[in-house]
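*Asks:* The structure is given below, and queries will be raised subsequently.
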Amino acid sequence: MLKIGDTLVSLDLVERCFCCDLNACLGQCCIDGDAGAPITKEEYDQICNVIPEVYNDLSPAAREVLEEQGPAYIDEEGDLVTSLVDGRDCVFTTYAPGGICLCALEKAWRENRISFKKPASCALYPVRLKEYEGFTAVNFHRWKICKPAETLGRAKGIPAYRFLREPLIEKFGKEWYDELDATAQEYLRQKKEGKV
């Protein structure tokens, strides 16, 4: 683990490579899982405010879920997560040509229709955050559907933390990220020299 400010960052973010490969995985993380995307109460409020702008981008089944359940629910672990369609698809899943899953929220944001991009947990994936008393654990979540992203990341030589530069800066700030980058480079140098 690397201690950066009040966070503990998993070495997997430094040692493992990652680069999303939508052509290979087709955005399966939006439609495969046992719960929706974790969101904060603030994100829940922001999502509620933009639903009218993305409503027509959603499938009839997703609209039905929104009408009956709303955009989120409390999962088995007590976390607030986005609602699911048929126990699988995130309620905000939409499809691009070629069957690639996209986030309707991010699509609307890119089209300048809304100011909310998407939940931080989605932007940060494969990072998962866990809050503890006094610090936040920044962990790398491995999932078989992301093997193409690890393969492409290795081919391009992109460590996971560098692939996630922008969302990490959005979450923790540039100063935090710069410290992570410097610490990661020093760690990798020492590892190469057999000192760690």
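*Asks:* Give just the number: which of (1) under 14 Å from the mean Cα position of the chain (by Cα); (2) assigned by TED's automatic domain parsing to the domain that holds residue 183 does residue 31 not satisfy?
*Replies:* Just one mismatch for residue 31, condition (2).
*Asks:* Ok, one more. Hey, can you tell me all the residues within segment 5-21 that are out of contact with any strand residue (DSSP E or B) (no Cβ under 8 Å at 6 or more places or on another chain) and either without any contact (Cβ under 8 Å) to a residue 12 or more places away in the chain or surrounded by 16 or more Cβ atoms within 10 Å (Cβ to Cβ) (or both)?
*Replies:* Result: 19, 20, 21.
*Asks:* Would you pick out the residues in segment 158-196 that are more than 24 Å from residue 128 (Cβ to Cβ) and touching a Cys at 6+ places or on another chain (Cβ under 8 Å)?
*Replies:* Within segment 158-196, none qualify.
*Asks:* Continuing with the same structure: Pick from segment 136-151 the residues that are touching a strand residue (DSSP E or B) at 6+ places or on another chain (Cβ under 8 Å) and of a type in the set (A, V, I, L, M): which of them is surrounded by the fewest Cβ atoms within 10 Å (Cβ to Cβ)?
*Replies:* This residue is 137.
*Asks:* Scan segment 61-80 and give yes if some residue there is assigned to a loop (DSSP other than H, G, I, E, B) and of a type in the set (A, V, I, L, M), otherwise no.
*Replies:* no
*Asks:* Is there any pair linking a residue in segment 69-98 that is closer than 11 Å to residue 44 by Cβ to one that is assigned to a loop (DSSP other than H, G, I, E, B) and among the charged types (D, E, K, R), with Cβ under 6 Å and at least six apart or on different chains, and which?
*Replies:* 81/75
*Asks:* Here's a follow-up. Going through segment 103-129 one residue at a time, which ones are closer than 28 Å to residue 159 by Cβ, more than 13 Å from the chain's Cα centre (by Cα) and of a type in the set (A, V, I, L, M, F, W, C)?
*Replies:* Residues satisfying the conditions are 105, 109.
The values are calculated or read from the model by the stated rules, or taken from the named source; none is laboratory data. Small disclaimer: the values here were computed from a predicted structure and weren't measured. Glycine also receives a Cβ, built like all others from the backbone with ideal geometry; neighbour counts cover every protein chain displayed.
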